[in-house]
Structure formats: structure tokens, C-alpha cells
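Trainee: One structure is given below, represented as C-alpha cells, and several questions about it will come after.
The values are calculated or read from the model by the stated rules, or taken from the named source; none is laboratory data. Just so it is clear, the structure is predicted and the values come from calculations on it, not from any experiment. Reconstructed Cβ throughout: ideal geometry from the backbone, glycine too, with neighbour counts over all protein chains shown.
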Amino acid sequence: MSRSPYHLGFATLSAEANVAELPLRGSLPAWLTGTLLRTGPAKFEVGEHAFNHWFDGLAMLHRFGFAAGRVSYANRYLHSQAYEEALSSGTIRRREFAK
């Protein structure tokens, strides 16, 4: 039995990264300077327990930096109270959306 593609949205991203310069195809506009910051779920299980809804995954911040035609990238987990409690206890302590 094959799995539906929606399961890919529940794949945990465990690695944090910091890349000084990403490879580009083509070029960026010269005026593009600044930072794009986004957040999204990245960890969907703690110990033997898993979150039931995509909105409940523990958050990761993603930063894209734009300057002088170059792009940098870094990500890291948001060390929220829910994150700290889950990692210290080894279980999901707070179900925020899909209880």
C-alpha cells in the first residue's frame, strides 16, 4: 500500500544549518537586500509520541539573507516553552491545535 503525498508534510527536519552563500542559477535584482524570516513546523515526534496535526509540530525558524546578489540561509528550532518541556520530558507536553 503506497502512502499519500501528504505524509511528506510530517517529515521531521532535525538538522540546523548555517550556509554563508547558497548557489544560485541566474541572478538576483541588485536592489534586493534584506532578510526573509519564516517559521513553520519541523519536529513532529517526541520520544514515542507524534503530533496529530501539522500546526502542532515544534517550530523552526528559517532565515534567508539577501545582499550584493548573494543569498545566505540559516535555520534553528524556536526554543519555546513547549519545545523545552517536550525535550526535557521526552514526551509531548502541550497539544496546541489537535488535542
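Trainee: Could you list all residues from the stretch 49-84 that are of a type in the set (D, E, K, R) and closer than 20 Å to residue 13 by Cβ?
Mentor: 56, 63, 76, 84
Trainee: So, one more: Return the residues of the stretch 32-60 that are over 21 Å from residue 7 (Cα atoms) and either assigned to a strand (DSSP E or B) or of a type in the set (Ser, Thr, Tyr) (or both); say none if nothing qualifies.
Mentor: Our first condition is that a residue be over 21 Å from residue 7 (Cα atoms); within the stretch 32-60, this holds for 32-38.
Hits for the stretch 32-60 are 33, 34, 35, 36, 37, 38.
Trainee: Here's a follow-up. Which one is nearest to the chain's Cα centre (by Cα) among residues in the stretch 61-89 that are of a type in the set (A, V, I, L, M) and modelled with pLDDT under 95? Spell out the reasoning first.
Mentor: Step one: of the stretch 61-89, the residues of a type in the set (A, V, I, L, M) are 61, 67-68, 71, 74, 78, 82, 86-87.
This time we only want the ones that are modelled with pLDDT under 95, so: 68, 78, 82, 86-87.
Details: 68: 26, 78: 9, 82: 15, 86: 16, 87: 16 Å.
Within the stretch 61-89, the match that is nearest to the chain's Cα centre (by Cα) is 78.
Trainee: Could you identify the single residue in 86, 30 that is surrounded by 13 or more Cβ atoms within 10 Å (Cβ to Cβ) and hydrophobic (A, V, I, L, M, F, W, C)? Don't jump to the end; show me each part of the working.
Mentor: On the way: 30 fails: surrounded by 13 or more Cβ atoms within 10 Å (Cβ to Cβ).
Answer to the check: 86.
Trainee: Can you tell me which of (1) surrounded by 14 or more Cβ atoms within 10 Å (Cβ to Cβ); (2) closer than 30 Å to residue 90 by Cα; (3) of a type in the set (Gly, Ala, Ser) is the one residue 65 doesn't meet?
Mentor: All conditions pass for residue 65, except number (2).
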